[in-house]
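Undergrad: Okay, handing you the structure first.
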Amino acid sequence: MYDIVKRIGIVALLVGIVGLALGITAVAESDLLAQIIERGSIRIGTTAAARPYAFLDENGDIVGWEVDLMNLIAENLGVKLEIIDMPWAGQIPALQTGRIDLICPRMLTTLQRAKSVWFCEALHLAATVAYAKRESGFTSWEELNSPEYTVGAIAGAVGEELGKKMLPNATLKLYQLDTDATEALLSGRVDACLNGNLISAGEVSAYPDKLVVLNALRAETTTFAIKPGVTSLNLKFWMDNFIRKIKLTGQYAEICKKWMGESYIPWNQFD
């Protein structure tokens, strides 16, 4: 009788150990942060055609403000960085299907997007502005709201949303890359473009005698985006702590100065 009880106890113990192991495995498989650490890499989506956020240098490497932030994330996690370069309109679908773990931090935190993604703690304030040819004489984006004008914007970006909402009388033409929109402006295929203030400034700086930045349509905060759900909670908590840490230590300010200039102040340029 004792032997039977002993055997039953051993079997129960083994079943418990196996169950515990399976449970730990299941938790790891359902936790995105654990998956990233197990994989040894974090995959972050970007569109590498937007100075100063992410662009190709003379060697063909992707560099920029958000790339420095991505590298800092990977360094603190102890994993490698995988930059997934794709059109902007593909970022949220790629996040939802698990192709990427994060969307780059230039994403504006609109309430519409918040229906599809979770946003991390805010990094800084940005805005959607218009830019046009100097010779056009435009002084404000409001002047573009006419059937005689065509306005360019990036597909999937806030400029597309604001163009439809705030310039309903103009014709809206969409492009995949920021550089494509600027080329259309320079060639006369559009009369102005809508884009983020820093991207617009970067595009205009390449043609200072030909282009000019107009005023802002709307300001938003900007930060990294994560796929919503229980599996993302630990990564969300980690990212929020990471952002708070780099702000407190001054690392974030240094990255901003490097790519945006000494005079860049993240929170009051649109006051």
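The values are calculated or read from the model by the stated rules, or taken from the named source; none is laboratory data. On a predicted model such as this, the values are computed, not experimentally measured, just so you know. Cβ placement follows ideal geometry from the backbone for every residue including glycine, while neighbour counts extend to all protein chains displayed.
Undergrad: Could you list, in sequence order, the residues of the range 198-223 that are touching a helix residue (DSSP H, G or I) at 6+ places or on another chain (Cβ under 6 Å) and either aliphatic (A, V, I, L, M) or more than 21 Å from Thr139 (Cβ to Cβ) (or both)?
TA: Ile199, Leu211, Val212, Val213, Leu214, Leu217, listed by residue number.
Results for (1) polar (S, T, N, Q); (2) under 18 Å from the mean Cα position of the chain (by Cα); (3) over 23 Å from His124 (Cβ atoms), shown as yes or no for each residue.
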| site | (1), (2), (3) |
| --- | --- |
| Ile154 | no, yes, no |
| Thr171 | yes, no, yes |
| Leu174 | no, no, yes |
| Leu185 | no, no, yes |
| Ala192 | no, no, yes |
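Undergrad: Let me ask something else. Name the pairs whose Cβ atoms lie under 9 Å apart, with the first residue in the range 164-189 and in the same structural domain as Ala201 (by TED's automatic domain parsing) and loosely packed, with under 15 Cβ neighbours inside 10 Å, the second among the charged types (D, E, K, R) and assigned to a helix (DSSP H, G or I), and 6 or more positions between them or separate chains?
TA: If the second residue must be among the charged types (D, E, K, R) and assigned to a helix (DSSP H, G or I), the pairs left are Arg189/Glu183.
Undergrad: Is the range 246-254 home to any residue that is assigned to a loop (DSSP other than H, G, I, E, B), free of Cβ contacts under 8 Å to residues at least 60 places away in the same chain, surrounded by fewer than 16 Cβ atoms within 10 Å (Cβ to Cβ) and under 22 Å from the mean Cα position of the chain (by Cα)?
TA: Yes.
Undergrad: Go through the range 227-239 and count every residue that is of a type outside the set (Ser, Thr, Tyr) and surrounded by fewer than 20 Cβ atoms within 10 Å (Cβ to Cβ).
TA: Of the residues in that region, 7 qualify.
Undergrad: Here's a follow-up. Which of (1) surrounded by fewer than 24 Cβ atoms within 10 Å (Cβ to Cβ); (2) modelled with pLDDT under 95; (3) within 22 Å of Trp88 (Cβ to Cβ) is the odd one out, the single condition Ile199 does not satisfy?
TA: (1)
Undergrad: Further question on the same structure: For residues that are assigned to a helix (DSSP H, G or I) and either under 25 Å from the mean Cα position of the chain (by Cα) or free of Cβ contacts under 8 Å to residues at least 24 places away in the same chain (or both), scanning just the range 142-152, find the one that is nearest to Leu217 (Cα to Cα).
TA: Only one residue tops the list, namely Glu142.
Undergrad: Test of understanding: among Leu69, Leu95, Leu125, which residue is under 25 Å from Glu203 (Cβ atoms), in contact (Cβ under 8 Å) with a residue 60 or more places away in the chain, in a helix (DSSP H, G or I) and under 14 Å from the mean Cα position of the chain (by Cα)?
TA: Leu69
Undergrad: Can you tell me which residue in the range 27-46 is surrounded by the fewest Cβ atoms within 10 Å (Cβ to Cβ), limited to those that are β-branched (Val, Ile, Thr) and modelled with pLDDT of 95 or more?
TA: We begin by selecting, within the range 27-46, every residue β-branched (Val, Ile, Thr); these are 27, 36-37, 42, 44, 46.
Imposing the further condition that a residue be modelled with pLDDT of 95 or more reduces the set to 36-37, 42, 44, 46.
Working: Ile36: 21, Ile37: 15, Ile42: 23, Ile44: 24, Thr46: 27.
The qualifying residue surrounded by the fewest Cβ atoms within 10 Å (Cβ to Cβ) is Ile37.
For (1) surrounded by fewer than 16 Cβ atoms within 10 Å (Cβ to Cβ); (2) within 19 Å of Leu33 (Cα to Cα); (3) not assigned by TED's automatic domain parsing to the domain that holds Ile154, each residue gets a yes or a no:
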| residue | (1), (2), (3) |
| --- | --- |
| Pro52 | no, no, yes |
| Glu58 | yes, no, yes |
| Val67 | no, no, yes |
| Met70 | no, yes, yes |
| Ala74 | no, yes, yes |
| Leu77 | no, yes, yes |
| Trp88 | no, no, yes |
| Thr97 | yes, yes, yes |
| Cys104 | no, yes, yes |
